[in-house]
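For reference, the structure discussed in these notes is given below.
Just so it is clear, none of the values below were taken in a lab; they were calculated from the coordinates. Please read all numbers here as calculations on a predicted model, not as lab measurements. Neighbour counts are summed over all protein chains in view; Cβ atoms, including those assigned to glycine, are modelled from backbone coordinates with ideal geometry.
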Amino acid sequence: MSPASGTVPETAGRRTVAAVGVMYVVLAAGWASVRTTGGEPSLNVLIVTTLIVGPGLVLLYGAYLLPALDIDPDFYTVIGQWCLGAIVVMLAILSLYHFQPADSFRNPHRSFLMFTALSSVAGLGVGLYDARARTRALEVDQRNRELRRVHALLEESNDRLEQFASAASHDLQEPLRMITRYLTLVEQRYADALDEDGREFVAFAIDGANRLQEMTDGLLEYSRVEADSGSFDRIDLDDVFEDALANLHVRIEERDAEVTSDPLPTVDGDPRQLRQVFQNLVSNAITYCGDDPPRIHVSADQRGREWVVSVRDWGIGIDPDDQGRIFDVFQRLHSREEHPGTGIGLALCQRIVEHHGGQIWVDSVPGEGSTFSVSLPAVDG
Ligand code: ADP
């Protein structure tokens, strides 16, 4: 798993376990032959030999099995140390016990062999447990390091993309302004020199340049959501919503829109950006209202550790197949002739909401209306 540390500890740890196993098998055989020739009842010899040889075989099997277990080879030494440690501890306990005056400890050799053999198996068990826990910890650590590395790479690439989009849209503004200015001059000064077609072509060109201007403005704003955001303040969304409505009041009056709202929560955020979110959502609800005057209701609902603020309309709705892509940059479901727009409003909302630690989504039934919901972290107190 971590080859940098080499193979020495791995084979050394496994060999220790195997060597202890072989030792007990050999000692059990020696014990059996000495006792049998010494005239001890064979049942006694068999029981004791089994109690010594058994742990020896368990250790040998354990050493054989180790590579098949989900344990990092670097931690085999830990298992070997636990086996040896258990033997030493048992030896110490038995040595103390041996110094007792009572004669209950009549055959120290036998007990030493038996109990240390058994304790070495206990050591193997604890060692396996310990090595497995260390392996898990190492894996978690490696995964965390990998995640941190990927996170840093993503942030770096995100920063570069932001810089690129920001620089591109910023640098495009100047030549674009020149195109618009000179086309407008041509339209104003040389309109008489042009025929009907010529005037129409110039008007198309001005319209295209204006659209391009709107799109680069939107892209610039989109790419600068994080850079432009100040530190978050505790803000009352009622106030933010009021500001958004104030900015939209001409459109609201023109379209005779009815906008109602429930009390909204207090959250941490950038008031200018959250006002922009409300403004885009309410503005869309007015634009895509269908034939009837727009009706819009804003509500808030606390769900666990977050608030979900929803902007509901009873407009044209959105086909389920299109609901995912409307949050992508420049994605529109209608032509400019049907409804003017750049297709960046919802993408901008999504970026702002994500910058605030939330999410945005839509529930909609074509012909019945749409509910755009925004989740934002709830604040304490
Ligand atoms: P724009 O409105 O400039 O086209 P948006 O990103 O705000 O850009 O919206 C993307 C598309 O999502 C719109 O073109 C429209 O088709 C659809 N849409 C947005 N809001 C609504 C709504 N409230 N009802 C129906 N469709 C909507």
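Looking only at trypsin sites (Lys or Arg not before Pro) in DSSP loops with at most 10 other Cβ atoms within 10 Å, what is the longest site-free stretch of the chain?
107-304
Give the range of the longest stretch in the chain that excludes all GluC sites (Glu not before Pro) found in loop regions by DSSP and having at most 14 other beta-carbon atoms within 10 Å.
1-336
Under 13 Å from the Cβ of I326, count the other residues' Cβ atoms, weight Lys and Arg +1, Asp and Glu -1, and hand me the total.
Here the charged neighbours net out to -3.
Using just the helices of the chain, give the 222 nm mean residue ellipticity in deg cm²/dmol: DSSP H runs with n ≥ 4 each add -39,500 (n - 2.57), and the total is spread over all residues, rounded to 500. Please list the in-between numbers first.
Working: 10 runs with 236 residues, N = 381.
Computed ellipticity for the chain at 222 nm equals -22000 deg cm²/dmol.
Name the helices (complete DSSP H segments) of the chain with a Cα length along the long axis of 18 Å or more and a Kyte-Doolittle mean of at least -0.5, or state none.
Numbers: long enough: 8-37 (43 Å, 0.68); 42-65 (33 Å, 1.80); 76-98 (33 Å, 1.60); 108-189 (118 Å, -0.42); 196-223 (40 Å, -0.41); 271-287 (23 Å, -0.26).
Both cut-offs are met by 8-37, 42-65, 76-98, 108-189, 196-223, 271-287.
Determine, from the Cβ-Cβ distance of L333 and D301 and an R0 of 35 Å, the FRET efficiency 1/(1 + (r/R0)^6), rounded to the nearest 0.05. Provide the component values of the computation, followed by the final result.
On the way: r = 27 Å, r/R0 = 0.78.
Using R0 = 35 Å, I get an efficiency of 0.80.
Please report, in debye to the nearest 20, how large the charge dipole of region 81-178 is about its Cα centre when each Lys and Arg carries +1 at its beta carbon and each Asp and Glu carries -1 there. Spell out each step's value before the answer.
Values: 11 positive and 11 negative charges, 146 e Å.
Once rounded to the nearest 20, the dipole reads 700 debye.
Taking the Cα centre as origin and putting +1 on Lys and Arg beta-carbons and -1 on Asp and Glu beta-carbons, what dipole magnitude results for the chain, to the nearest 20 debye?
Numbers: 32 positive and 56 negative charges, 801 e Å.
It works out to roughly 3840 debye.
Pull out the extension gain between D236 and R177, defined as 0.36 nm times the separation in residues minus the alpha carbon to alpha carbon distance; nm, one decimal.
Numbers: separation 59, 0.36 × 59 = 21.24 nm, distance 3.85 nm.
So the chain would gain 17.4 nm between D236 and R177.
Would you work out which of Q213, L183, V298 lies farthest towards the positive end of the dipole of the chain, given +1 charges on the beta-carbon of Lys and Arg and -1 on that of Asp and Glu, about the Cα centre?
Comparing the listed Cα positions along the dipole, V298 ranks first.
Can you give the charge dipole size of region 192-276 about its Cα centre, rounded to the nearest 20 debye, using +1 on the beta carbon of Lys and Arg and -1 on the beta carbon of Asp and Glu? All intermediate terms of the calculation are to be shown ahead of the outcome.
Numbers: 8 positive and 24 negative charges, 60 e Å.
The calculated dipole for region 192-276 is roughly 300 debye.
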